[in-house]
1. Answer yes or no as to whether residue 92 is over 19 Å from residue 116 (Cα atoms) and of a type outside the set (Phe, Trp, Tyr).
2. Test each condition in (1) within 18 Å of residue 7 (Cα to Cα); (2) in contact with a strand residue (DSSP E or B) (Cβ under 8 Å, 6 or more places away or on another chain) for residue 45 and report the one that comes out false.
3. Quick one: how many residues across segment 89-128 are of a type in the set (Ser, Thr, Tyr), over 22 Å from residue 43 (Cβ atoms) and in a loop (DSSP other than H, G, I, E, B)?
4. Which residue, of 33, 40, is of a type in the set (S, T, N, Q), free of Cβ contacts under 8 Å to residues at least 40 places away in the same chain and touching a strand residue (DSSP E or B) at 6+ places or on another chain (Cβ under 8 Å)?
5. Out of all the residues in segment 1-30, which are among the charged types (D, E, K, R), touching a strand residue (DSSP E or B) at 6+ places or on another chain (Cβ under 6 Å) and closer than 14 Å to residue 139 by Cβ?
6. Just for segment 61-88: of the residues that are in contact (Cβ under 8 Å) with a residue 12 or more places away in the chain and of a type in the set (S, T, N, Q), which one is nearest to residue 107 (Cα to Cα)?
7. Would a scan of segment 52-60 turn up a residue that is in contact with a Gly (Cβ under 6 Å, 6 or more places away or on another chain) and more than 23 Å from residue 115 (Cβ to Cβ)?
8. What number of residues within segment 63-88 are assigned to a loop (DSSP other than H, G, I, E, B) and modelled with pLDDT of 95 or more?
Amino acid sequence: MDDTATWQDAKAATQSMELEIARVVPADSIESTDQAETGTLLGCSGGRHQWTGQTVVHLVPGTDAEALVEKVIARFEGRDGFTAAPYTTLDGATVAEIVSSDGEEHYFAGPSAKPDQFEILSASHCFTLPEDVYPGGDF
């Protein structure tokens, strides 16, 4: 995104990518998909911020959520402007990590700690908030 992007632009682009990642899950393995309507802002370098969000895919019981990680990596590893690779979390789980070439935009997709859920966590490109916008609360 360019430096004129708003938080609304960042949110829309990031939520769109969350849903694109969720579409890797076969339709017959999905009970429902819940995308958080709001997210929060985190600080970036230079006083900029990034929007963070989450989408949860509720899986049909018995779906192998760990196998979906490899599908996500395969789908996004050759995508222009991104890299995709396995990432091991602090609790030892393996998730897909998708990162933009500038290193700002991040997605983590993998099995949730809750059964039968595949979770997608996101952080947008960094952007500058207008001076009159307080970065706390929901966006």
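1. no
2. Here residue 45 meets the rest and fails (2).
3. Narrowing segment 89-128 to residues of a type in the set (Ser, Thr, Tyr): 89, 94, 100-101, 107, 112, 122, 124, 128.
Keeping just the survivors that are over 22 Å from residue 43 (Cβ atoms) gives 89, 94, 112.
Okay, now just the ones that are also in a loop (DSSP other than H, G, I, E, B), so 89, 112.
So the answer is 2.
4. None of the other options fit; the residue is 33.
5. 11, the sole residue that qualifies.
6. By that ranking, first place goes to 83.
7. Yes, that holds for at least one residue.
8. The total comes to 2.
The values are calculated or read from the model by the stated rules, or taken from the named source; none is laboratory data. The structure presented is a predicted model; accordingly, all values stated were derived computationally and were not measured. With ideal geometry, Cβ positions are generated from the backbone for all residues, glycine too; neighbour counts draw on all protein chains shown. The protein model used for the area step is the full one, side chains on, heavy atoms only, and it has no ligands, DNA or RNA in it. Shrake-Rupley method; radii C 1.70, N 1.55, O 1.52, S 1.80 Å.
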